[in-house]
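Encoded as structure tokens, the structure appears first; notes follow it.
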Amino acid sequence: MSAEVRSGHGGPVEVKRRERRLWSRDFGLFFLSRAVARLGDTMLPVALAAGLLQQGYDVTSVGVAMAVPTVSWAGLVIFAGVIADRVNPRRLMIGADLVRLVSQCLAAVLFFSGHVVLWQVLVIGLVNGGAAAVFQPGVASTVRQLSADAQQGNGAIRTVEAVMSLAGPTAAGLLVAVTSAGSVFAVHAGTYAVSAVCLWVMRLPDRAAAPQTRAEKTGTTPSGTGGMRQGLREGWLAVRVRPWLWGVLVLWCFFALTARGPAQPLIATEMVQQHGPAVYGLVNSALGCGTVVGGILAMRLRPAFQLRAGAVGVALFAVFPFAVGSGLAVPAIAAGAAVGGMGMAFWGVMWATSIQTQVPHDVLNRVYAYDIAGSIALLPVGEALAGPAAEQFGLRTMLLAGAVCTVVVSAALLSVPAIRRLRRVDGPH
């Protein structure tokens, strides 16, 4: 910055304006990378379900095939966070994209051949989940490095991912109808190729040195030293010493178990049984539209206490299961879905921005990995328990209970002083 000022290209105010600009060349490349990857990822479930069912496999096989990547991701992401704090995260992300490019090409060949063996599909899913675990921790530090305004960056990425989530399933359905499931896997592989190229030509500013120097001054171990166990311990210590961080993770586990996890299968079952799959698809579209609006709002609103504002967004999610559980008309349910999607998107941006601006760079990827693991650890449990609980107490009763639990989580977030009083930080930590 000082060199720019001395050279006569502008004073400090002009330099600051350039630093605050969101749409730089490198952020645009990262934005494109996330957009095309999200498009492919949302196409995959349609192709996987349609392809396996066409090959004679049952719904249980489809469920297992969809669950394997999540299990692999959840099991490996914490270890990937340690690695991402010690090597160049961009290289890890490129490597992960290339691995998924190869695996999805193999899946395309498998489905094109017409001879699909389930264990081979499961192995491919296991590899994809592991590669996703390697990729994901570096996202937090990349957004922080490419954008001086982390909230703007997170909002932009969340918005485009929501748009791609709307387009992906529709595109996949059309491709399966016109060609075959194999073509969707081929397109999915192509999205990883585009993502890898974008990341390859992208350049990150060198901002890791200053936080590491601070770590040395305070007597903590630099992120590039020590074994895996030590790296995990340092990451957990960084979570534990921040009550606002582990407080949210604890509450989010409860939320995943009681509300967010059960909501998807319960809402899907209720909507399909009562209104048919086409109406359920429209409701999902409303949910996606609400997510887009939430991302845009998160880019424009700048609350001084981000988690306090985000907790209000969490409460809005309760409108969706409440509308379905109350047996309201389809337009009201669609409106509830839009409100719920908007609230969760707004919370997501506030939460991601808080982590990226409040946590030192040298442990950021590890903390983000713990956040990912904590956020998804109990989701499969909540999904698995939803069916038995609905049989015991009634499907609509469980949806209404989930809405109540959502409001309880929002109130709990606001009741914890460390969460409620966390003030926003605009610059790097």
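A few points about this structure:
- Net charge of Cβ neighbours under 14 Å - reference Leu32; Lys, Arg +1; Asp, Glu -1: 0
- Look at the dipole of the chain built from charges on Cβ: of Leu266, Ala131, Ala107, the Cα furthest out on the positive end belongs to Ala131.
- Rounded to the nearest 20, the size of the Cβ-charge dipole of region 290-395 about its Cα centre is 400 debye, with Lys and Arg at +1 and Asp and Glu at -1.
- Förster-model FRET efficiency, 41 Å R0, Val425 and Leu328, C-beta, rounded to 0.05: 0.50
- Using C-alpha pairs under 8 Å with a sequence gap of at least 6, the mean separation divided by the residue count of the chain gives a relative contact order of 24 percent.
- Estimated translational D of region 2-205 in µm²/s (Stokes, Kirkwood radius over Cα pairs; 25 °C; 0.890 mPa s): 135
- For the chain, the residue among Ala337, Leu175, Gly276 whose Cα projects farthest onto the positive side of the dipole built from Cβ charges is Ala337.
- Seen against the Cα atoms of the chain and their longest principal axis, helix 306-317 is set at about 10 degrees.
- Largest-first principal axis extents, alpha carbons of region 228-420, Å: 52, 38, 28
- Taking a ≥ b ≥ c as the square roots of the Cα gyration tensor eigenvalues, region 308-402 comes out oblate, since a/c reaches at least 1.5 and a/b does not exceed b/c.
- Size of charge dipole - region 228-420 - debye, nearest 20, with Cβ of Lys, Arg +1 and Asp, Glu -1, no other charges: 560
- Long-range Cα-Cα pairs in region 361-429 (distance over 15 Å), rounded percent: 73
- Dipole-positive endmost among Ala65, Gly81, Ala148 within region 2-205 (Cβ charges, Cα centre): Ala148
- Sorted by Cβ density within 10 Å, fewest first, the residues Met299, Met342: Met299, Met342
- Rounded to the nearest 20, the size of the Cβ-charge dipole of the chain about its Cα centre is 1500 debye, with Lys and Arg at +1 and Asp and Glu at -1.
- Cβ-Cβ FRET estimate between Arg300 and Val117, R0 fixed at 56 Å, reported to 0.05: 0.65
- Computed over the alpha carbons of region 246-348, Rg followed by Dmax gives 14.1, 44 Å.
Values in this text are rule-based calculations from the coordinates and carry no lab data. Remember, predicted model here, so these are calculated numbers, not experimental data. Cβ sites come from the backbone with ideal geometry, for glycine too, and all protein chains shown count toward neighbours.
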